[in-house]
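Quick notes on the structure that follows.
The values are calculated or read from the model by the stated rules, or taken from the named source; none is laboratory data. What you see is a predicted model; the values in this text were computed from it and never measured. Quick note on the areas: whole protein, heavy atoms, side chains included, nothing else; ligands and nucleic acids left out. Shrake-Rupley method; radii C 1.70, N 1.55, O 1.52, S 1.80 Å.
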Amino acid sequence: MNILDLDPGLAGVVDSVREVHAPIWQAIEDGRPVAVIDFAMLSGVVQALLNAIDSRLPQPPAAMALMAVAA
């Protein structure tokens, strides 16, 4: 498993995911419907989280990336 350094930028994104997720989870637990816009917001913050994580992971050398695209 990779260890992820929660720098202030990544910590902010994680907080955003939690903030958007909490009311959705509460609505599901309460048996209330969840609006489509809530799921859209959750999708957006999850994408931001994945992008933030990807930007912090070691990237393959450019030559390897070109070989992967060419294959």
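Observations, loosely collected:
- Tally, over segment 1-23, of residues that are open to solvent by 90 Å² or more (accessible area, probe 1.4 Å) and among the hydrophobic types (A, V, I, L, M, F, W, C): 3
- Among the residues of segment 24-50, those identified as open to solvent by 80 Å² or more (accessible area, probe 1.4 Å) and under 9 Å from the mean Cα position of the chain (by Cα) are Gln47, Leu50.
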